[in-house]
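To start, the structure itself, in structure tokens.
The values are calculated or read from the model by the stated rules, or taken from the named source; none is laboratory data. Just so you know, these numbers come straight off a predicted model, no measurement behind them. Reconstructed Cβ throughout: ideal geometry from the backbone, glycine too, with neighbour counts over all protein chains shown.
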Amino acid sequence: ETGVTQSPTHLIKTRGQQVTLRCSSQSGHNTVSWYQQALGQGPQFIFQYYREEENGRGNFPPRFSGLQFPNYSSELNVNALELDDSALYLCASSLTGGLGYTFGSGTRLTVV
Amino acid sequence: QKEVEQDPGPLSVPEGAIVSLNCTYSNSAFQYFMWYRQYSRKGPELLMYTYSSGNKEDGRFTAQVDKSSKYISLFIRDSQPSDSATYLCAMMSSSNTGKLIFGQGTTLQVKP
């Protein structure tokens, strides 16, 4: 399978709930990054995982956490959801040291 | 002040026009400069990347980087209606690979 796939495509959650978003990396890619894209804005870096370890983090609180699995798939977990967490969440995979970041189509999260 | 500034537009041009898209930045550590295209309801797609200063051409697209002015540009020749999308500039320092810093994105509409 080629490309980056994300699930689900859309999600509606209530403030205070927890959510898990999933990403399947492009075949052969060992690094995964997560981004948050608010409406009308560019994506903002949340964190990056390499070999199941977080190796870079943006300006996001600890309630944003992640996992990377041995098959390089990944999860983004957000606890205690706030209204401002409503956004498109993008996963991008790459080979370490490469610039060819391949993005998925994202998960649209709405917090009500 | 944002690290990367990009005029959100919208920019509307007739088919066949030359389009110029621009970004300015403040962080002199940025070494890698990229342009992504994002269609509605899709993830960003890498168009071109450039290392340090200079020009790079790929078909109808030309990317320019002027590090002395902290200014990057993307030119689209013979624009087509299929070029209608949001164009995002992104930058990265060599010490922080994986963390892309995006501009806000410019929405382009090419009218037939």
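In region B:54-67, which residue that is of a type outside the set (D, E, K, R) and either in a strand (DSSP E or B) or surrounded by 14 or more Cβ atoms within 10 Å (Cβ to Cβ) (or both) is modelled with the lowest pLDDT? Show your work before the answer.
Pass one, region B:54-67, residues of a type outside the set (D, E, K, R): B:54-55, B:59, B:61-65.
Remaining after also requiring either in a strand (DSSP E or B) or surrounded by 14 or more Cβ atoms within 10 Å (Cβ to Cβ) (or both): B:54-55, B:61-65.
On the way: B:GLY54: 86, B:ASN55: 91, B:PHE61: 97, B:THR62: 97, B:ALA63: 96, B:GLN64: 96, B:VAL65: 96.
Top of the filtered list is B:GLY54.
For region A:40-58, the set of residues classified as within 11 Å of chain B (Cβ to nearest Cβ) and either surrounded by fewer than 13 Cβ atoms within 10 Å (Cβ to Cβ) or touching a helix residue (DSSP H, G or I) at 6+ places or on another chain (Cβ under 6 Å) (or both) consists of A:GLY40 only.
Of all residues in region B:83-99, one or more are over 22 Å from A:SER33 (Cβ atoms) and at pLDDT 95 or above.
Quick check on region A:59-84: of everything there that is touching a residue at least 40 places away in the same chain (Cβ under 8 Å) and crowded, with 16+ Cβ neighbours inside 10 Å, which residue is farthest from the other protein chains (Cβ to nearest Cβ)? Applying the filter and picking the extreme gives A:LEU81. In region B:35-46, is there at least one residue being within 11 Å of chain A (Cβ to nearest Cβ), under 13 Å from B:LYS67 (Cα atoms) and buried (at least 16 other Cβ atoms within 10 Å of the Cβ)? Among the residues of region B:35-46, not one is within 11 Å of chain A (Cβ to nearest Cβ), under 13 Å from B:LYS67 (Cα atoms) and buried (at least 16 other Cβ atoms within 10 Å of the Cβ), which makes the answer no. Considering each residue of region A:11-20 in turn, none proves to be under 22 Å from B:THR86 (Cβ atoms) and either touching a Leu at 6+ places or on another chain (Cβ under 9 Å) or at pLDDT 95 or above (or both).
If I ask for residues that are more than 24 Å from A:LEU95 (Cα to Cα) and either β-branched (Val, Ile, Thr) or surrounded by 21 or more Cβ atoms within 10 Å (Cβ to Cβ) (or both), which ones from region B:86-107 would you list?
At the first step, the residues of region B:86-107 found to be more than 24 Å from A:LEU95 (Cα to Cα) are B:86, B:104-107.
Listed by number, the residues that qualify are B:THR86, B:GLY105, B:THR106, B:THR107.
Taking region A:96-112 as the search range and keeping residues that are modelled with pLDDT under 95 and over 17 Å from B:GLN38 (Cβ atoms), which one is nearest to the other protein chains (Cβ to nearest Cβ)? Once the filter is applied, the top-ranked residue is A:LEU99.
Scanning region B:62-74 for residues that are free of Cβ contacts under 8 Å to residues at least 24 places away in the same chain and within 11 Å of the chain's Cα centre (by Cα) turns up B:THR62, B:GLN64. Candidates A:SER24, A:SER93, A:SER7: the one that is over 26 Å from B:SER95 (Cα atoms), more than 9 Å from chain B (Cβ to nearest Cβ), buried (at least 17 other Cβ atoms within 10 Å of the Cβ) and of a type in the set (Ser, Thr, Tyr) is A:SER24. Contact annotation: residue pairs with Cβ atoms under 8 Å, 6 or more positions apart or on different chains, pairing a residue in region B:3-14 that is surrounded by 15 or more Cβ atoms within 10 Å (Cβ to Cβ) with a partner that is charged (D, E, K, R), are B:VAL13/B:LYS111. Counting only strands (runs of 3 or more DSSP E) that sit wholly inside region B:68-112, those with at least 2 residues that are within 14 Å of chain A (Cβ to nearest Cβ) and among the β-branched types (Val, Ile, Thr) are B:106-111.
Please work out if B:THR50 is at pLDDT below 95 and either under 15 Å from A:GLN41 (Cα atoms) or surrounded by 14 or more Cβ atoms within 10 Å (Cβ to Cβ) (or both).
Numbers: at pLDDT below 95: yes; either under 15 Å from A:GLN41 (Cα atoms) or surrounded by 14 or more Cβ atoms within 10 Å (Cβ to Cβ) (or both): yes.
It is true that B:THR50 is at pLDDT below 95 and either under 15 Å from A:GLN41 (Cα atoms) or surrounded by 14 or more Cβ atoms within 10 Å (Cβ to Cβ) (or both).
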